[in-house]
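A short worksheet on the structure shown next.
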Amino acid sequence: MRRRATGGATTRARRGFLGRLAGLVAATATGGAWLAIAPPVTAATRARGRTRIDVREHGARGDGVSDDTAAFQAAIDALPRDGGTVHVPSGAYLIDPTRSVRLRSRMHLAMADGARLMAKANAAPRAYVLFAEQTQDVEISGGRIVGDRDTHLGETGEWGHGIRIRGCARVTVRDIHISRCWGDGISAGGIMPKGQPSRPGRDYVFENVTCTHNRRQGLTIGSSRRVRIRDCEFSDTGGIPPGAGIDIEPDTDVARDVLIEDCLVYGNRGPGIMLYKRAAEVTIRRCTIERNRSDGILGVAAVDCVFADNIVRNNRLKGVVLRGGSRNVRLTGNRFEANDRGRGGKGQVRVADDSVAIGIGADNVFE
């Protein structure tokens with residue numbers, strides 16, 4: 001998917017990441033603890049059978065008028081026990097988010113480039129176009145999801161998401177464009193079954209995804225282990241707080257081992273990337289984070305994190321803020337340009353007094 005330049009500035013070409021920075025270890029400012037930068041990985045192959053089903057074989061029309069929710073679900077439910085691929089040809093498919101297309105384990109929802117899933121206008125505060133809950137080995141690829149932000153029939157709620165992933169394992173979302181959702185483009189995390197401990201999501205990969213002009217967040221990461229976000233765009237989020245491009249904010253448990261690399265994060269009403277409590281072992285590297293209306297990166301109680309080789313520029317507030325008891329965070333090789341309302345200088349990074357063991361390397365550039 002081709003990325004566009006922003007605001008007349010030349011977008012940094014994405015650099016190959018396989019092998020780059022692998023095994024790099026950074027010391028914190030105390031010299032007593034060590035932070036390992038997460039190694040690059042490739043998108044995992046998800047296990048599934050060879051059966052292939054076309055949604056049109058089960059009645060999907062793709063005319064932008066007929067409700068195709070039931071046809072999509074019938075195609076998914078028709079997969080055999082070992083799963084397979086559900087193919088979505090080009091067309092405009094009206095989907096009712098209050099019913100959702102519910103994904104199952106061991107399946108690939110493969111959408112053609114010209115396929116659009118269009119959220120049917122609704123008044124529900126919580127509704128999802130695609131929904132995966134406690135499933136394993138799921139892949140979603142191709143096409144577009146267009147939310148109902150412009151046609152929403154209610155005024156409350158903030159959970160009208162394009163894709164909701166809850167308590168799953170081994171999920172890949174790639175090569176997809178998600179826009180105009182009432183809530184988030186994507187929300188992915190764990191689950192807390194009634195009367196049971198929280199179960200984090202595990203092994204989530206988001207690759208070559210664009211989330212733009214969504215109302216609450218581009219991407220929310222909740223309770224999880226091992227999340228990889230690479231070569232993605234999160235832009236122009238806003239309408240209800242927090243309005244971040246990426247928000248790592250578990251309601252319970254913790255989000256641990258998260259890698260964000262080679263991403264473009266710009267024009268969001270809130271922070272470009274926010275780590276809000278219970279976020280640990282987060283690496284942000286080789287990203288361009290620019291023109292957000294708040295901070296470029298905001299860490300609140302962020303723990304054991306590395307921000308490396310990023311371009312952070314022209315954000316209305318600071319380039320990086322660490323507060324709320326953040327600890328063991330390392331900044332290395334970043335370029336900070338004209339943040340803090342254009343003031344520039346080393347004041348583009350602010351570390352609150354309640355944060356400890358913050359290492360700001362001499363290789364950071366402040367302009």
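Taking every pair of distinct Cα atoms and averaging 1/r, then inverting, what Kirkwood hydrodynamic radius in Å comes out for segment 250-367?
Working: mean 1/r = 0.0734 Å⁻¹.
Roughly 13.6 Å, rounded to one decimal.
Determine the dipole magnitude for the chain: charges of +1 sit on the beta-carbon of Lys and Arg, -1 on that of Asp and Glu, nothing else is charged, the reference point is the Cα centre, and the result goes in debye to the nearest 20. Intermediate results must be reported in sequence, preceding the final value.
Details: 56 positive and 41 negative charges, 74 e Å.
The dipole of the chain has a size of about 360 debye.
Which whole-Hz ³J(HN,Hα) couplings does segment 207-215 yield from phi under the Karplus relation 6.51 cos²θ - 1.76 cosθ + 1.60, θ = phi - 60°, glycine and proline marked x?
Working through the residues one at a time gives 9, 6, 9, 10, 10, 9, 6, 8, 7 Hz.
Ranking request for peptides 110-121, 211-222: highest mean number of other beta-carbon atoms within 10 Å first, then the rest in descending order.
211-222, 110-121
Which residues' amide hydrogens lie under 5 Å from the amide hydrogen of ALA338, considering only partners 5 or more residues apart or on another chain, with H built in the peptide plane?
ASN314, GLY344, GLY345, GLU367
In sequence order, what are the phi-derived ³J(HN,Hα) couplings for segment 165-171 according to the Karplus relation 6.51 cos²θ - 1.76 cosθ + 1.60 with θ = phi - 60°, rounded to whole Hz, with x for glycine and proline?
Residue by residue, segment 165-171 yields 10, 9, x, 9, 9, 6, 10 Hz.
FRET efficiency for ASP67 and THR151, Cβ-Cβ distance as r, R0 = 25 Å, nearest 0.05?
Once the sixth-power term is evaluated, E becomes 0.95.
Of the beta bridges DSSP finds with both residues in the chain, what % are antiparallel, to the nearest 5?
Working: 5 of 128 bridges.
The answer is about 5 percent antiparallel.
Placing +1 on the Cβ of each Lys and Arg and -1 on the Cβ of each Asp and Glu in segment 289-343, which of CYS305, GLY333, ILE289 has its Cα farthest towards the positive end of the resulting dipole?
In segment 289-343, that residue is ILE289.
What number, in percent, do you get for the relative contact order of segment 52-294 if the mean sequence gap of Cα pairs under 8 Å and at least 6 apart is divided by its residue count?
Contact order relative to length: 11 percent.
State the answer as a single residue: which of VAL227, GLY238, THR210 lies farthest towards the positive end of the charge dipole of segment 210-259, with beta carbon charges of +1 for Lys and Arg and -1 for Asp and Glu, about the Cα centre.
Result: VAL227, furthest along the dipole toward the positive end.
Output wanted: per-residue J couplings in Hz (rounded whole) for segment 78-87, from phi through Karplus 6.51 cos²θ - 1.76 cosθ + 1.60, θ = phi - 60°, x for Gly and Pro.
My calculation for segment 78-87 gives 7, 4, x, 4, 7, x, x, 10, 9, 9 Hz in order.
Modelling each spin label as a point 7 Å along the Cα-to-Cβ direction, I'd like the ARG52/VAL365 distance in nm, to one decimal.
Roughly 4.8 nm, to one decimal.
Per the Debye formula with a single identical scatterer at each Cα and no solvent contribution, what log10 I(q)/I(0) holds for segment 38-107 at q = 0.28, 0.29 Å⁻¹?
-1.22, -1.27
Put +1 on the Cβ of every Lys and Arg and -1 on every Asp and Glu Cβ in segment 52-294; which of ALA279, GLY160, GLN196 then has its Cα farthest towards the positive end of the dipole?
GLN196
Report, in cubic angstrom per residue, the convex hull volume of the C-alpha atoms of the chain. Please list the in-between numbers first.
Details: hull volume 49.7 nm³, N = 367.
So the per-residue hull volume is 135 Å³.
Below 19 Å, Cα to Cα, which aspartates and glutamates can LYS194 reach? Residues fewer than 8 away in the same chain don't count.
Here the aspartates and glutamates satisfying the reach criterion relative to LYS194 are GLU133, ASP251, ASP253.
Can you spot the lysines whose alpha carbon is less than 18 Å from LYS318's alpha carbon? Ignore those fewer than 8 places along the same chain.
LYS346
Every read-out reported here was derived from the displayed coordinates using simple, explicitly stated rules and does not represent laboratory data. Quick caveat, the model's predicted, so the values are computed rather than measured. Note that we place each Cβ from the backbone using ideal geometry, even for glycine, and neighbour counts take in every protein chain shown.
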